[in-house]
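Every read-out reported here was derived from the displayed coordinates using simple, explicitly stated rules and does not represent laboratory data. What you see is a predicted model; the values in this text were computed from it and never measured. Heads up, the Cβs are rebuilt from the backbone with ideal geometry, glycines too, and the neighbour counts pull from every protein chain shown.
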Amino acid sequence: MAARAGIPTGERDDVVAYAEREFNGLHEGNAIRYGVAPASLAGLARRR
């Protein structure tokens, strides 16, 4: 996905890590920032 998005090779690891942190931190209160409906988060379990 990062390659298709045109993210330079040297920046991909940082971008993927950022996206993972943001995704893992999603909850009903901040999901709207990303245009994610709270109902879309139903049933997701956080992996540790």
Length gained if residue 17 through residue 31 is fully extended, taking 0.36 nm per residue and subtracting the Cα-Cα distance, is 3.2 nm
Rounded to the nearest 500, the 222 nm mean residue ellipticity computed for the chain from DSSP H runs (n ≥ 4, each -39500 (n - 2.57)) alone is -10000 deg cm²/dmol
Farthest towards the positive end of the dipole of the chain, among 7, 23, 39 and with Cβ unit charges of +1 on Lys and Arg and -1 on Asp and Glu, lies the Cα of 39
In this structure, the FRET efficiency calculated for residue 2 and residue 24 from their beta-carbon separation, with R0 = 22 Å, to the nearest 0.05, is 0.80
For the chain, the dipole about the Cα centre with charges only on Cβ (Lys and Arg +1, Asp and Glu -1), to the nearest 20 debye, works out at 180 debye
